[in-house]
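What follows is a set of notes on a single structure, which appears directly below.
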Amino acid sequence: MLVRVVGLAALAAAGLVVAYGMSSGPSFSDGPVPSVRDALSCDGRVYATRQVVGAEQAMWQPAPESALQSGVLQGEQWWLDPAEVRASVRKESQVLFVHDVDGRARFAALVERGNGEHVRDWRLSSWAMCEPSELTGDASDRLGYGVWLDADGDPLPTTEVMTLRGPEHCGWEDVTFLEVDRSSTRMRQYVHDASGELDPQLRTTYADRVRLPADAADTGWRRGGFALWLQPQGDAAYLVNLADPTDVARWPRAKRTIGCA
């Protein structure tokens, strides 16, 4: 069973998560528990760090493992197989869990024992993660992050382009968002919503088997056998099937960034 891990509400495209035992990766068992940020081994920047506060974000549980799952189930984007999370540090009152890719921690979560009436209970207290493009293949997709590849087959930073799975609590499980120039104030959001529920918020409609506009250009970005084509001032993005260039899907652009509370 997959569990959802706390993520950003705003979802690497090659390779596999390396299998590991409890002893793989760095261990801090003989020293103090590091912060979740310090526990990471990122190639680039730390993508996000969060302090989890209050029972509305993490429920008290009788064991560290169940506290981790309870805490992460409050999130919206991250999905992990419990077998892919290991305990890097296990102390009397703290347990640090990490998710490894290529033998290095790319996600870390700290679970702590309570006080007073909760002295025997545990709760998620903080988490941090590396840039989603440092995740690979199935892992990034399960975590809800759709990472694109450049012309050389290297993962693109998610600040440049990323697809995101629609949040379950808004009933958008079948909706996919494509965001371009995510670090810019002019971020463009495109939407795959075959149901048409979000049509009033879009500049045009979703459609399969359309013709590419004359001014559309190939970005050179690839994902899942599709190429992304964009217009300089267009109302849609176009996904072209690399195996069949006549198979073109039109993803309409949002009038304004669509979010879910």
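The values are calculated or read from the model by the stated rules, or taken from the named source; none is laboratory data. Given the structure is predicted, the values throughout are model-derived calculations rather than measurements. Cβ sites come from the backbone with ideal geometry, for glycine too, and all protein chains shown count toward neighbours.
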Residues to consider are ARG182, ARG188; find the one that is in contact with a Ser or Thr (Cβ under 6 Å, 6 or more places away or on another chain), charged (D, E, K, R) and either closer than 16 Å to VAL161 by Cα or modelled with pLDDT under 95 (or both).
ARG182
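Which residue out of GLU112, GLU76, GLU131 is modelled with pLDDT of 75 or more and touching a Pro at 6+ places or on another chain (Cβ under 7 Å)? Spell out the reasoning first.
Working: GLU112 fails: touching a Pro at 6+ places or on another chain (Cβ under 7 Å); GLU76 fails: modelled with pLDDT of 75 or more.
The match here is GLU131.
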By residue number, the members of region 214-238 that are of a type outside the set (Asp, Glu) and touching a Gly at 6+ places or on another chain (Cβ under 9 Å) are ALA216, ARG222, ARG223, GLY224, ALA227, LEU228
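Is it the case that LEU198 is closer than 22 Å to ASP150 by Cα and buried (at least 16 other Cβ atoms within 10 Å of the Cβ)?
Working: closer than 22 Å to ASP150 by Cα: no; buried (at least 16 other Cβ atoms within 10 Å of the Cβ): yes.
So LEU198 does not fit the description; no.
Results for (1) of a type in the set (A, V, I, L, M, F, W, C); (2) under 23 Å from PRO245 (Cα atoms); (3) out of contact with any helix residue (DSSP H, G or I) (no Cβ under 7 Å at 6 or more places or on another chain); (4) not in a strand (DSSP E or B), shown as yes or no for each residue.
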position	(1), (2), (3), (4)
HIS169	no, no, yes, yes
GLU173	no, no, yes, yes
ARG186	no, no, yes, yes
THR205	no, yes, no, yes
ARG211	no, yes, yes, yes
TRP229	yes, yes, yes, no
